[in-house]
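Chemist: Sharing a structure, written as structure tokens. Questions coming.
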Amino acid sequence: MLRNMTPAPGVDRRVFVKGAAVATAALAVPLRGFDAAVAAAPAHRGVFGYGVASGDPTADSVILWTRATPPARKGEPVAAPGSGHGRRLTVTWQVSTDPHFRRVVRRGHTTASAASDHTVKVDVTGLSPYTVYWYRFRALGVHSPVGRTQTAGDEPGRTHALRFALASCSNYTGGWFSAYRAIARRDDLDFVLHVGDYIYEYGNGIDRYGPPELVGVRDGHPATETIDLQGYRLRHALHKADPDQQAAHARLPWITIFDDHEVANNAWAGGAENHQPGEGDFLQRRQEALQAYLEWMPFRLPDQQTPHQGTQFFKKFTFGDLGDLSVLETRQNRSQQVSPPGGPDVTGFVPLGIPQIDAALADPSRHLAEPEQLQWLKDTVATTGRPWHLLGNQVMIAPFRIPGAVFGSPVDLVNGDAWDGYGADQVDFLTHLAHQPAEAGDTVFLTGDIHSSWAADLPSDPHAAADYQSAGVEFVTPSVTSDGFYELSATVVPPGTPPENRVALVNGVVAQIQGLNPWTKYLDGIGHGFLVVDVTPARVQVDYFHTPTPTSALPEPRANRHIVPTYTTSMQTVAGTRSVSPATGPIGTRSDLPRGH
Ligand SMILES: [Fe+2]
């Protein structure tokens, strides 16, 4: 969400882009479809030009990933991603407890072929818990870069340190992936949790999304909107060719889940805001998008034997006696978003106080996810034995009323794409949370999507006011690069308004939002970056890492490749309080390190 603001009257939503400067600059880029030369460029970096990755670590297993590109023989086309070209390759792999592969503990081989776009995934089992491993692939006598990964600190009766990065919303044309660079440089993290919008579907034309400074510098590939298997494969390949993205994947295992933009903006079970009839059948498009996701991400599909609506993507990780991490999937089966009266929705925000809108938002037959998953989630947070239930969640669950004045509306609005848009599920879950006894532990939502940084209590009654009771907490990571409140402010001020004035405007809006939503203990609408989440039996602390505030001297930090997000502030929730409080300073050293660190 958070793609567009309201277009001027008469402007079609498909051709509306934020600000004439962006549109003009973007139009200078010729529209192309599949460009084999561009697609093949990383493939020419060698057999393993897309790097290596690992993911979904458990106590004894981890997924290893790479793409093995067969070099073209004379007269053959390059086996570029999405091309369908290229012969089969045998790919061997090794896992070692040292980076020089003197102590190889697992090895095997697999095949790369055009059927999986020459990506390979290995689910390595039989590993030891809470242990650092090194891995590499080999094909045609060539070794891949060496990757480092780690199994989960999940040993019964043990409490290990647990610390990871939280990220979301990494639009390639939105900026340099310096947040990933910063993550890759750390040596104290167990994994990266990416809660969605790992890629965006937009093209380089009038739908381009990001600062005009990066036109021609950091363009999307393919150049047009991704709508089919070839397009999504190319877009994933673009990300895997990015050096910062590669570094973060090679350094740490990732736990990921898709949100809407891995398919199309504001997707629901039967369509998406950014899916038009001329783009073919939506379910076919989604199937192709998710095929590319599963090919190109180090993602382990959970066991599919339990009857379920569609493919089950949601899953749970456990960490000894400390906690569990449940990763939700809220796109595949969600009901259609509520639209404002009088026409198609552009912003995703719907006005409150209109009887048919209020009724639709609260309709118990509308769901954010299928009932089986919502019940699984309720069972999870009711489980005793561990102090923390962490939930990797795509869209905000904390109630977020947007002051009408922000949009020139006489009434307040809500984001119809978030849990607020599925009020019955929201009320049902928060009520359930509030009824859990102390032995069930505390619940922490870890969320992205909204391109801004939050720490919020979760009121047991979303319609309560300042006297609310808190049932849990939510921490929201800013976008890696995607436009946030600050960038959107450009659409409501005269061209040339100094960054300082826009910062003041956004901070004023943030103050209004906090006034209307008193459970919001921290909100930043300016910085891009990531969070570091540190879990101990006593508390969950979150450190915020942000790009600098834009100034006249540095108006667009996202476009400067040398600028890396830095620490700004910390928030926490103390065990048993089920509410947010300020932390005294950044997290310190880990209580213990994994074996082989
Ligand atoms: Fe996003």
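The values are calculated or read from the model by the stated rules, or taken from the named source; none is laboratory data. Because the structure is predicted, anything quoted here is derived from the model rather than measured. Here the Cβ is made from the backbone with ideal geometry for all residues, glycine too, and neighbour counts use every protein chain on show.
Chemist: How about the stretch 264-382: which strands (runs of 3 or more DSSP E) wholly inside it have at least 1 residues that are under 20 Å from the mean Cα position of the chain (by Cα)?
Modeler: 315-319, 323-327
Chemist: Quick check: is even one residue across the stretch 124-139 modelled with pLDDT under 95, away from the ligand (no atom under 16 Å from the Cβ) and either in contact with a helix residue (DSSP H, G or I) (Cβ under 7 Å, 6 or more places away or on another chain) or outside any strand (DSSP E or B) (or both)?
Modeler: No: the stretch 124-139 contains no residue that is modelled with pLDDT under 95, away from the ligand (no atom under 16 Å from the Cβ) and either in contact with a helix residue (DSSP H, G or I) (Cβ under 7 Å, 6 or more places away or on another chain) or outside any strand (DSSP E or B) (or both).
Chemist: Which of the following residues is at pLDDT 95 or above, surrounded by 24 or more Cβ atoms within 10 Å (Cβ to Cβ) and over 25 Å from ASP117 (Cβ atoms): ASP197, ASP190?
Modeler: ASP190
Chemist: For the stretch 455-498: of the residues being acidic (Asp, Glu) and within 15 Å of the ligand (Cβ to nearest atom), which is farthest from the chain's Cα centre (by Cα)?
Modeler: Step by step, filter the stretch 455-498, then rank; the result is GLU487.
Here's the yes/no breakdown for (1) touching an Asp or Glu at 6+ places or on another chain (Cβ under 6 Å); (2) of a type outside the set (Gly, Ala, Ser):
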| residue | (1), (2) |
| --- | --- |
| SER54 | no, no |
| ALA59 | yes, no |
| ALA79 | no, no |
| TRP93 | no, yes |
| SER96 | no, no |
| ARG103 | no, yes |
| ARG107 | no, yes |
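Chemist: Of the residues in the stretch 536-548, how many are β-branched (Val, Ile, Thr) and surrounded by fewer than 23 Cβ atoms within 10 Å (Cβ to Cβ)?
Modeler: The qualifying residues number 1.
Chemist: Against the definition (crowded, with 18+ Cβ neighbours inside 10 Å and outside any strand (DSSP E or B)), how does VAL444 come out, yes or no?
Modeler: So VAL444 fails the test.
Chemist: Could you list, in sequence order, the residues of the stretch 549-584 that are surrounded by fewer than 21 Cβ atoms within 10 Å (Cβ to Cβ) and charged (D, E, K, R)?
Modeler: Those that are surrounded by fewer than 21 Cβ atoms within 10 Å (Cβ to Cβ) and charged (D, E, K, R): GLU556, ARG561.
Chemist: Also: Please tell me if GLU225 is within 14 Å of the ligand (Cβ to nearest atom) and farther than 30 Å from THR131 by Cα.
Modeler: So GLU225 does not fit the description; no.
Chemist: Considering only the stretch 554-575, how many residues are touching a Gly at 6+ places or on another chain (Cβ under 9 Å) and farther than 30 Å from GLY210 by Cα?
Modeler: 2
Chemist: Across the stretch 89-113, what is the total count of residues that are among the hydrophobic types (A, V, I, L, M, F, W, C) and without any contact (Cβ under 8 Å) to a residue 24 or more places away in the chain?
Modeler: So the count comes out to 1.
Chemist: Given the options ALA438, ALA456, ALA471, ALA466, name the one that is out of contact with any strand residue (DSSP E or B) (no Cβ under 9 Å at 6 or more places or on another chain) and closer than 28 Å to VAL411 by Cα.
Modeler: Result: ALA466 is the single residue among ALA438, ALA456, ALA471, ALA466 that is out of contact with any strand residue (DSSP E or B) (no Cβ under 9 Å at 6 or more places or on another chain) and closer than 28 Å to VAL411 by Cα.
Chemist: Those residues that are more than 15 Å from the ligand (Cβ to nearest atom), touching a Gly at 6+ places or on another chain (Cβ under 7 Å) and under 17 Å from ASN274 (Cβ atoms), I need them from the stretch 188-219; list them, please.
Modeler: GLY203, ASN204
Chemist: Right, something else. Report whether or not ARG181 is away from the ligand (no atom under 16 Å from the Cβ) and under 20 Å from the mean Cα position of the chain (by Cα).
Modeler: Judged against the criteria, ARG181 is a match.
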